[in-house]
1. Take the alpha-carbon positions of chain A, form their convex hull, and give its projected area averaged over all directions (one quarter of the hull surface) in nm².
2. Rounded to the nearest 10 degrees, what's the angle between the helix B:380-392 long axis and the longest principal axis of chain B, both from Cα atoms, 0 to 90?
3. For A:117, B:306, what ranking results if the residue with the fewest other Cβ atoms within 10 Å of its Cβ goes first?
4. Return one number: the angle in degrees, 0 to 90 and rounded to the nearest 10, between the long axis of the Cα atoms of helix B:63-86 and the longest principal axis of the Cα atoms of chain B.
5. Given contacts defined as C-alpha pairs under 8 Å and at least six residues apart, what's the relative contact order of chain B, whole-number percent?
6. Counting only helical runs of four or more DSSP H residues, what would the 222 nm mean residue ellipticity of the protein assembly as shown come to if each run contributes -39,500 (n - 2.57) and the total is spread over all its residues?
7. FRET efficiency for residue B:275 and residue B:378, Cβ-Cβ distance as r, R0 = 45 Å, nearest 0.05?
8. Once you sort the root eigenvalues of the Cα gyration tensor of chain B as a ≥ b ≥ c, which label holds: rounded (a/c under 1.5), prolate (a/b larger than b/c) or oblate (the other case)?
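Each value in this text was obtained by applying a stated rule to the coordinates, not by laboratory testing. The shown structure was predicted, so the numbers you read here are calculated from the model rather than taken from an experiment. Virtual Cβ from ideal backbone geometry, glycine too; neighbours counted across all protein chains shown.
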Amino acid sequence: MRYTLLLHYPEMDAGSLGEEALAAGQRAFSSYAAALHQANVLISAEVLQPSSSTTTLTKSDGALRVQDGPFADTKEQLGGTFVIDVADLDAAIEWAGKAPSVDWGAVEVRPGATYTVDGAWRPNA
Amino acid sequence: MTSPEARTAARQAAEHAARASYGRLVALLAASTGDLSLAEDALSAAFEQALVSWPTGGVPANPEGWLLAVARNRQRDTWKSASSRTTRPLEDAALGGGPAMAALDDLDLDAIGDKRLELLFTCAHPAIDASIRTPLMLQVVLGFDAARIAAAFAVPATAMAQRLVRAKKRIKTARIPFTVPGRTDMPGRLPAVLEAIYGCYALSFADAPDVPGGSDAEDLAGEALYLAVTLAALLRTEPEAWGLAALITLSQARAPARGGPFIPLEEQDTSLWDARLIAEGGAHLRRAAAGGAAGRFQMEAAIQAVHCDRARTGRTDCPALRTLYTALEAVAPSLGARVALAAVIGSTESPAAGLSALDALRDLREGEGPAGASAVESFQPYLATRAELLARDGRPSEAAAAFAAAAEAAPQPVVREYLWQRAAGQWPNSQGRDNGPAPLPLR
């Protein structure tokens, strides 16, 4: 069963965060990814660039609008995702609780519905 | 040939199986799919089929096994039709053929293990909204229909049905497991299960109908007792599970004194109390105490045990109550425990001391903000206890106003009636008692 861990947290730039905290965070995410990999549950992971660099497309009245900025302008932003394959929600919750960002933001555990293999959709689990 | 006797026997057998094993059968059916709705539909179809086949063919030797086999066939048919649409492989290819009817009597549910325990933990999973846990248990473990649950919670039936469907869908979609947590996770997970079972018991009080006997409230109390004792027995050595079992058993022991007009606990005729349940509750409490550190339910059970002991000794051990309420307040602070403690102080020291304790409680909450004080002042047990203490302190006009306020806030009609009579200066249902402790917020 696939779950996507959605990491939401307040965005901090490298300047206000400080070199040391940034490096500590990177180390924590490295060992988290290594642990997921070693447990053979990691499908993929991605840490995103800050929402200041995001671009949002919307369509209204048939016209495509391209806008600077995130879809929802909130204090906490989606900062990264981990897709894991585990037995059930309890296992997913256990991994989610170990995500380093749980110390400074929310981790959402969302079951997957379908995913693609070689471009074809497949039901989850 | 369907005789009326055969129909009656078949219906009774089906009803017995439904009551005794509904939760077990649902748990067994849903364990492999995670789909509670599908399991419930399959089981209700099996019950329907039983009511058709049993009167003519006779009640099978193993009714539960029969129901399980028929429900499993139903479930498989649903999978098959679903799999032809989605090409999803069958969950369990080994279940391919229908079970031979001859093998049914060999199907030993006890050997499979009691899956109700798993089901209780699923219903009270942290990923399930706390307010729907008790309704979910009532439905999937005990087989109450949505309309009855809705009535007990005083919400519209359609709203309750929708919430139950959503919760079950969530269990399936998010794959909330049907497992009993391991030793490390147990402390974090057990309280929600106990809370939900306690919620089922509390419900039997909240909406207690005026008419004694055969009511939904009595059913709810009985089912909560059954769930609590089952949970404690299945977990074997969890102190708080035995504590809850003891609490509900001892409280239920006093149920025969509850029908009819309201009589405060201290004035109830102890000969009406159920001696067998008092003994059982005491045994549960000893099992709880054997497990070590005393938690909230164990202390509340000990408080009940002190009250029940009046049946044996003829008096209530108020100093013991005071010790227990003080300890309860330390372990699990609550408004109810503080008010009860004030009532006991009113008995062990003086009514004035009890009133001071109530004032201190209101002032404490007031310090937390205006909402805190108003929460205290609208808390019915606070109002009732204050009224009683004022009356005993020899302040009749203040007591009358306080009894009226307590009556306004009382949810149960019999309590309201009693408090209005007290407001009018009468002492209903009393044989000239004078110095007993104030009525606790317990009945």
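1. With every direction weighted equally, the projected area is 9.7 nm².
2. 30
3. Going from sparsest to densest Cβ surroundings: A:117, B:306.
4. 70
5. For chain B, the relative contact order is 11 percent.
6. -19000 deg cm²/dmol
7. Values: r = 38 Å, r/R0 = 0.85.
Given R0 = 45 Å and the Cβ-Cβ separation, E is 0.70.
8. It comes out prolate by the Cα gyration axes.
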